[in-house]
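The values are calculated or read from the model by the stated rules, or taken from the named source; none is laboratory data. As the structure is a prediction and not an experimental result, all values here were calculated from the model. As a convention, Cβ positions derive from the backbone with ideal geometry for all residues, glycine included, and neighbour counts pool all protein chains shown. Just so you know, the surface numbers come from the protein's heavy atoms only, side chains and all, with ligands and any DNA or RNA stripped out. Shrake-Rupley method; radii C 1.70, N 1.55, O 1.52, S 1.80 Å.
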Amino acid sequence: MTRTLETVRLSKIDYGEAWELQKELVLEIGREERPDTLLLLEHPPTYTIGTDRHPEHLLYGPEELERRGIRVYQIDRGGDITYHGPGQLVGYPLIYLDAAGLDLHAYLRSLEEAIIGLLAEFGIAGGRKPEYTGVWVGDAKIAAIGVKFNRARTRRGFVTSHGFALNVKKNVEADGFQGIIPCGITEYGVTSLETLTGQTLDVETIGERLLPHFARVFGYDGVVSREGSRAKQGS
């Protein structure tokens with residue numbers, strides 16, 4: 001059976017708006033009204049706190065958050081606190097996973113594998129740390145991953161939401177991670193594609209280069225791309 005992935009490029013979008021869009025598309029995919037969809041985007045400065053909540057891992061108080069223009073969301077994905085901001089490629093895969101033979105951990109490993117494949121294009125050896133989710137280069141995290149598995153309404157299985165954040169621009173390392181203990185991890189740092197390559201890179205271009213790796217890992221035969229204003233088209 002042919003499997004097609006629809007990708008939607010949203011450019012820069014407020015976190016709350018993207019979260020609401022995810023919820024709508026998850027319902028449509030669960031009802032078989034649209035194909036699996038990958039949203040690719042950037043967010044303005046944002047901290048998101050997952051279901052493994054540790055308030056002490058947010059180091060900035062309300063006044064400092066306001067001064068820096070960073071919004072905070074408590075959300076329904078797994079994991080602790082992380083940062084999203086300009087210079088980061090954020091991907092939200094909304095994918096139906098059939099209940100038969102379902103392996104939720106394998107889904108997380110597949111997200112990591114797609115990013116590791118992209119890093120290899122730049123000669124970067126991305127890897128994993130057994131005790132943590134995400135993609136690492138040595139002892140520095142380059143991509144954070146946090147997901148939710150939503151029960152499909154009309155078929156037996158789940159639709160994924162939330163996803164990954166890949167640090168592309170060098171500025172990401174200092175812009176927001178200083179105000180948190182990312183994912184509660186104190187012994188390791190973060191890095192970015194620009195830091196590791198010494199190149200000036202474009203977030204949207206990196207998103208395009210990720211697509212073949214994503215399609216390969218998840219077994220899609222084709223990829224259809226849409227611009228953000230057409231995200232709901234075909235519903």
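Tabulated results
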| quantity | calculated |
| --- | --- |
| Accessible area expressed per residue, region 43-180, with surrounding protein chains retained (probe 1.4 Å, Å²) | 43 Å² |
| Distance between region 33-49 and region 17-32 - C-alpha centres, whole angstrom | 11 Å |
| Accessible-area order (highest first, 1.4 angstrom probe) of the listed residues LYS129, LYS170, LYS148 | LYS170, LYS148, LYS129 |
| Calculated from backbone phi, Karplus (6.51, -1.76, 1.60) coupling profile of region 161-177 in Hz, x at Gly/Pro | 8, 6, x, 10, 9, 9, 6, 9, 7, 4, 4, 4, 4, 9, 5, x, 6 |
| Helix axis angle, 15-30 relative to the chain longest principal axis, alpha carbon, degrees | 20 degrees |
| Surrounding net charge for LEU89, when Lys and Arg each add one and Asp and Glu each subtract one, Cβ distance under 15 Å | -3 |
| Using θ = phi - 60° and Karplus 6.51 cos²θ - 1.76 cosθ + 1.60, couplings along region 112-121 (whole Hz; Gly, Pro as x) | 4, 5, 4, 5, 4, x, 4, 4, 4, 4 |
| For THR191, residues with placed amide H under 5 Å, excluding near neighbours | LYS141, ILE142 |
| Accessible surface, 1.4 Å probe, highest first, among residues GLU24, GLU173, GLU32 | GLU32, GLU24, GLU173 |
| Accessible surface of region 1-133 [probe 1.4 Å, protein heavy atoms]: carbon and sulfur percent | 51 percent |
| Chain lengthening between GLU66 and ALA140 when straightened (0.36 nm per residue, less Cα-Cα) | 23.8 nm |
| Region 31-122 - Rg (one decimal) and Dmax (whole number), Cα, Å | 16.4, 49 |
| For region 45-51, 3J(HN,Hα) per residue [Karplus equation, 6.51 cos²θ - 1.76 cosθ + 1.60, θ = phi - 60°, Hz, x = Gly/Pro] | x, 8, 10, 10, 10, x, 6 |
| Highest to lowest packing among 107-117, 200-210, 59-69, scored as the average C-beta count within 10 Å | 107-117, 200-210, 59-69 |
| Nearest-ten-degree value, helix 203-218 long axis tilted from longest Cα axis of the chain | 50 degrees |
| Debye log10 I(q)/I(0) for the chain, one point scatterer per Cα, at q = 0.14 Å⁻¹ | -0.88 |
| The chain - mean residue ellipticity at 222 nm from DSSP helices (-39,500 (n - 2.57) per run, n ≥ 4, rounded to 500) | -8500 deg cm²/dmol |
| Amide H contacts under 5 Å for ASN150, placed H, 5+ residues apart | VAL159, THR160, SER161 |
| Relative contact order (percent, whole number), region 142-207, Cα cutoff 8 Å, 6+ residue spacing | 32 percent |
